[in-house]
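The values are calculated or read from the model by the stated rules, or taken from the named source; none is laboratory data. Worth saying up front: this structure is predicted, and the values here are computed from it rather than measured. Cβ coordinates were reconstructed from backbone atoms using ideal geometry, including for glycine residues, and neighbour counts include every protein chain displayed.
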Amino acid sequence: MPGFEIFGEKEKKEILEVLDTGVLFRYEFPEQRKGVYKVRTFEEKFAAYCGAKHAQAVTSGTAALKVALAALGVGAGDEVITQGFTFVATWEAIFDIGAIPVFCEVDETLNMDPDDLEKKITAKTKAIIPVHMMGAPARIEEIVAVADRHNIPVLEDTAQAAGSSLNGKKLGAFGKCGTFSFDAVKTMTTGEGGMIITDDEELWRSMSEYQDHGHDHAVNPGGRGGEGRRFIGFNYRMMELQGAIGLAQLARLDSDIIAPQKKNKAAMKEAVAKLPGVTFRNILDENGDNATFLAFFLPDGEKAKKVNQVLQENGAGAVYFAVNTWHYYPKWEHLLNGSTLCASGWPFADSESRRKVVYDPEGLPKSAAIMDRLLVYQVPVKLSDERLAQITTALEKAAMI
Ligand SMILES: *Cc1c(COP(=O)(O)O)cnc(C)c1O
């Protein structure tokens, strides 16, 4: 899966160009930087790679979600719909902007179920965040169609799907904007970092200014300090070293990360296919899969647990997301309990400490039935023959139970 597996000379070379100038910051220092603008160049190349008009780099994938929500005008009193199988960051960002996350079922794409989405839309819904989990697309065209009918913007959380596409179009480019993460475990990494893509120039300008304390980038894009501000902002600026690493990783994404993963995934899939009764995740476009994960279903939860027991005993355990505390709704105890550092109970309670939102652990029965049967292997960029043989042997043993 991760770009860190291939970190090497190309990344070092890009970093050295920044260190040679001594300008670690994306804005200002026009003379000292000798024409080196790594973050800006990374944005331009990333946008072009995704087929989007604009890209805005930020400090993380979580920041990317928050900056995008801010630019879309989402805030206190609003609802934002996302799915119950995602990383906690998706709904942390919704709370942090002051809005309330509403959770939607997933289907066998392991992403947002468009039918359930339609049921969860209310007059308060101000954004919809489908997540392209584990490198493969949500039913994004159907989701955008539902959203368009209700005139609600779609923000794609593409944190786990850099380089993936659906019918030739890159994920993240279907909605009003798409966000990416380059953290330690993502398909390409900058150490920490994030990106937002959009075709909407006004939205981009708002994002660009919001992540930079509100500095007016249209009036005075080069110099700083003398200009006014259109609105309050925050600091989510990416630094040049991250931009440098991003440039190297982006150049290697298709050839050095996704291509070997595809090969390794095919080999692992062949081994998994030997399990009696196994079926695979519904991947809408196999060609567009970035092949970071191999997800498969056993006929029922009992069987999934038994199979994984044997896989574990033979050194090739899969991830059983039904018990995962970071990615699956009923296991997010801090969400369900309304745990917060804020003394008044915000964001779960109002300023009078009255609880305003309660989450039912059994609120997503369709997702529960799907997650119960699901096992997942992460696909490495580097898969040795020995490791593949170990996985294959473990699967052969599991096939006999
Ligand atoms: C990793 C991730 C994020 C957050 O990214 P960070 O860069 O770690 O802040 C958001 N959404 C999903 C689905 C993720 O997997």
Identify, from the list E142, E192, the residue that is closer than 22 Å to H54 by Cα and either in contact with a helix residue (DSSP H, G or I) (Cβ under 9 Å, 6 or more places away or on another chain) or of a type in the set (D, E, K, R) (or both). E192
Filter the stretch 217-236 down to the residues that are surrounded by fewer than 18 Cβ atoms within 10 Å (Cβ to Cβ) and touching a helix residue (DSSP H, G or I) at 6+ places or on another chain (Cβ under 8 Å) and list them by number. A218, R229, R230, F231, F234
Just a yes or no: is a residue in the stretch 300-311 more than 30 Å from S165 (Cβ to Cβ), basic (K, R), within 26 Å of the chain's Cα centre (by Cα) and modelled with pLDDT of 95 or more? no
Condition (residue is farther than 30 Å from G135 by Cβ and part of a loop (DSSP other than H, G, I, E, B)) applied to the stretch 12-23: is it met by at least one residue? yes
In the stretch 309-338, what residues are in contact (Cβ under 8 Å) with a residue 24 or more places away in the chain, under 26 Å from V131 (Cα atoms) and not hydroxyl-bearing (S, T, Y)? A318, V319, F321, A322, W326, H327, P330, W332, L335, L336
At least 3 residues that are touching a residue at least 60 places away in the same chain (Cβ under 8 Å) and under 28 Å from V18 (Cα atoms) in each: list the helices (runs of 4 or more DSSP H) lying fully within the stretch 178-285 that qualify. 201-210, 240-252
Before we move on, is I245 over 18 Å from T62 (Cβ atoms), surrounded by 18 or more Cβ atoms within 10 Å (Cβ to Cβ), at pLDDT 95 or above and assigned by TED's automatic domain parsing to the domain that holds A52? yes
Can you name every residue in the stretch 107-157 that is polar (S, T, N, Q), in contact with a strand residue (DSSP E or B) (Cβ under 7 Å, 6 or more places away or on another chain) and touching a residue at least 40 places away in the same chain (Cβ under 8 Å)? T122, T125
Residue check for K176: more than 27 Å from E14 (Cα to Cα) and not assigned by TED's automatic domain parsing to the domain that holds A63: no
Can you name the residue in the stretch 190-209 that is in contact with a Ser or Thr (Cβ under 9 Å, 6 or more places away or on another chain) and within 14 Å of the ligand (Cβ to nearest atom) and is also farthest from V74 (Cα to Cα) among such residues? E192
On the basis of being farther than 16 Å from D199 by Cα, within 16 Å of the ligand (Cβ to nearest atom) and assigned by TED's automatic domain parsing to the domain that holds D216, does T41 make the cut? no
When only residues in the stretch 151-189 that are among the polar types (S, T, N, Q) and more than 11 Å from the ligand (Cβ to nearest atom) count, which is surrounded by the most Cβ atoms within 10 Å (Cβ to Cβ)? S164
